[in-house]
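> Pasting a structure here, questions to come.
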Amino acid sequence: MAEPKYKRILLKLSGEALMGEGKYGIDTNTLSQIASEVKEVIELGVEVALVIGGGNIFRGVSGAAKGMDRSSADYMGMLATVINSLALQDALEKIDVSTRVQSAIEMRQVAEPYIRRRASRHLEKHRVVIFAAGTGNPFFTTDTAAALRAMEIRADVMLKATKVDGVYTADPMKDKSARRYATLSYMDVLQKELKVMDATAVSLCMDNDMPLVVFDLTSPGNVLRVVKGEDVGTLVGKIPTNIA
Ligand code: UDP
């Protein structure tokens with residue numbers, strides 16, 4: 001079997017990835033599907049860390065838009081990511097994948113506190129580490145948390161799961177002439193204001209040379225394809241921009 005391209009990955013899922021066809025919350029079938037994709041990658045010998053968003057439950061900005069204090073709303077958002085992390089932990093453990101949840105906000109009854117060295121040790125032992133509660137700070141996103149953790153654990157790559165197969169020149173749902181970027185430079189992402197991640201997360205990756213692959217999680221087997229280095233999605237890095 002071909003060697004995987006990456007040995008240690010950080011996979012970022014949005015909270016919405018857990019909703020399936022639903023409009024809110026967690027769909028257990030979707031959860032199992034994602035868990036089995038992660039298992040395939042673990043079985044290749046790849047070390048996997050996960051960050052999950054909370055948008056399927058609560059987002060700070062929408063709370064703030066309704067008049068809540070932004071920081072309070074963001075803490076609610078971070079707690080939503082803990083709910084999602086525990087759900088994914090459960091789905092992974094059900095299929096015999098060993099996991100640890102580490103939370104950036106201490107809640108020792110449900111998760112370990114975030115300790116970088118301990119996280120690395122878990123990864124070396126091929127446990128999936130799920131980083132919950134974002135960065136632990138309001139005014140950030142889980143994309144930024146994912147970029148930060150990817151750097152801290154020295155991941156080879158950050159994989160950003162979305163509903164589209166990479167980054168396009170225009171919205172492929174609306175514009176038939178839209179083309180997929182095979183590769184993108186960080187600068188182009190920022191200057192063209194491409195909707196890859198928020199600017200804080202992209203800048204963090206750029207400043208620390210963390211490559212990023214944006215890919216479609218809704219196609220079964222895609223996580224494995226990306227890890228094997230197949231031409232899936234868009235690779236963002238210190239590289240020239242190229243259309244597929
Ligand atoms: N959040 C935060 N700090 C962080 C990460 C997340 O305050 O470091 C809050 C923020 O309110 C955010 C919510 O948690 O809206 C859920 O995360 P996010 O919106 O990134 O989830 P996703 O869009 O990936 O589902």
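Quick note: the coordinates plus some simple rules give every number you see, no bench work behind them. Keep in mind the model is a prediction, meaning the values are calculated, not measured. In this analysis, Cβ positions are derived from the backbone assuming ideal geometry, glycine residues included, and neighbour counts consider all displayed protein chains.
> From (1) within 12 Å of the ligand (Cβ to nearest atom); (2) buried (at least 21 other Cβ atoms within 10 Å of the Cβ); (3) of a type outside the set (V, I, T), pick out the condition that doesn't hold for P138.
Tallying (1) within 12 Å of the ligand (Cβ to nearest atom); (2) buried (at least 21 other Cβ atoms within 10 Å of the Cβ); (3) of a type outside the set (V, I, T), P138 fails exactly one: (2).
> Follow-up question, since we're still on this one. Within the stretch 1-19, track down each residue that is within 14 Å of the ligand (Cβ to nearest atom) and either under 18 Å from N222 (Cβ atoms) or over 10 Å from the mean Cα position of the chain (by Cα) (or both). Steps first, answer last, please.
Taking the stretch 1-19 as the starting set, the residues that turn out to be within 14 Å of the ligand (Cβ to nearest atom) are 10-19.
Correct list: L10, L11, K12, L13, S14, E16, A17, L18, M19.
> Checking the condition without any contact (Cβ under 8 Å) to a residue 40 or more places away in the chain and in contact with a Pro (Cβ under 6 Å, 6 or more places away or on another chain), which residue from E106, E93, E112 passes? First the steps, then the outcome.
Values: E93 fails: in contact with a Pro (Cβ under 6 Å, 6 or more places away or on another chain); E112 fails: in contact with a Pro (Cβ under 6 Å, 6 or more places away or on another chain).
The match here is E106.
> Taking the stretch 20-35 on its own, how many of its residues are within 16 Å of the ligand (Cβ to nearest atom) and either in a loop (DSSP other than H, G, I, E, B) or in contact with a Gly (Cβ under 8 Å, 6 or more places away or on another chain) (or both)? Working first, answer last.
So in the stretch 20-35, the residues within 16 Å of the ligand (Cβ to nearest atom) come out as 20, 22-27, 30-31, 34.
Then drop every residue that is not either in a loop (DSSP other than H, G, I, E, B) or in contact with a Gly (Cβ under 8 Å, 6 or more places away or on another chain) (or both), which leaves 20, 22-27, 30.
Total meeting the criteria: 8.
> Hey, could you check the stretch 87-99 for residues that are away from the ligand (no atom under 14 Å from the Cβ) and surrounded by 19 or more Cβ atoms within 10 Å (Cβ to Cβ) and say which is farthest from the chain's Cα centre (by Cα)? Outline the logic, then answer.
Looking only at the stretch 87-99, we keep the residues that are away from the ligand (no atom under 14 Å from the Cβ), and these are 89-99.
When the remaining residues are screened for being surrounded by 19 or more Cβ atoms within 10 Å (Cβ to Cβ), the result is 89, 91-92, 97, 99.
On the way: Q89: 15, A91: 17, L92: 16, V97: 18, T99: 16 Å.
Looking at the filtered set, the residue picked out is V97.
> Same structure, new question: So, in the stretch 44-66, of the ones that are away from the ligand (no atom under 11 Å from the Cβ) and not in a helix (DSSP H, G or I), which residue ends up surrounded by the fewest Cβ atoms within 10 Å (Cβ to Cβ)? Walk me through it before giving the result.
Of the stretch 44-66, the ones away from the ligand (no atom under 11 Å from the Cβ) are 44-50, 65-66.
Keeping just the survivors that are not in a helix (DSSP H, G or I) gives 44-50, 66.
On the way: L44: 16, G45: 11, V46: 22, E47: 23, V48: 27, A49: 27, L50: 26, K66: 7.
Looking at residues that are away from the ligand (no atom under 11 Å from the Cβ) and not in a helix (DSSP H, G or I), I get K66.
> So, one more: Any residue in the stretch 26-38 that's of a type in the set (G, A, S): show its pairings with residues that are assigned to a helix (DSSP H, G or I) at Cβ separation under 6 Å, as long as the two are six or more apart or on different chains.
That search, which allows pairs on different chains as well, returns S32/A91; A35/A91; A35/L92.
> Something else: Could you check the stretch 164-204 and list, in sequence order, the residues that are under 13 Å from G237 (Cβ atoms), of a type outside the set (A, V, I, L, M) and in contact with a helix residue (DSSP H, G or I) (Cβ under 7 Å, 6 or more places away or on another chain)?
Scanning the stretch 164-204 gives a single hit, Y186.
> Now for a separate question. Taking the condition buried (at least 22 other Cβ atoms within 10 Å of the Cβ), away from the ligand (no atom under 13 Å from the Cβ) and either over 28 Å from V232 (Cβ atoms) or among the aromatic types (F, W, Y) (or both), does A150 pass? Talk me through it step by step, then tell me what you get.
Details: buried (at least 22 other Cβ atoms within 10 Å of the Cβ): yes; away from the ligand (no atom under 13 Å from the Cβ): yes; either over 28 Å from V232 (Cβ atoms) or among the aromatic types (F, W, Y) (or both): no.
Answer is no for this residue.
> Follow-up. Quick one: which of S219, S177 is without any contact (Cβ under 8 Å) to a residue 12 or more places away in the chain and not aliphatic (A, V, I, L, M)?
Working: S219 fails: without any contact (Cβ under 8 Å) to a residue 12 or more places away in the chain.
Unique residue meeting the criteria: S177.
> For the stretch 118-176, how many residues are farther than 23 Å from T200 by Cα and among the basic types (K, R)?
Summing the residues that are farther than 23 Å from T200 by Cα and among the basic types (K, R) in the stretch 118-176 gives 6.
> May I ask you to list the residues in the stretch 105-135 that are surrounded by 16 or more Cβ atoms within 10 Å (Cβ to Cβ), over 27 Å from S36 (Cβ atoms) and over 16 Å from the mean Cα position of the chain (by Cα)?
To start, the set of residues in the stretch 105-135 that are surrounded by 16 or more Cβ atoms within 10 Å (Cβ to Cβ) comprises 105, 111-112, 114, 119-120, 122-123, 127-135.
Narrowing the set further to residues that are over 27 Å from S36 (Cβ atoms) leaves 105, 135.
Residue satisfying the conditions is I105 alone.
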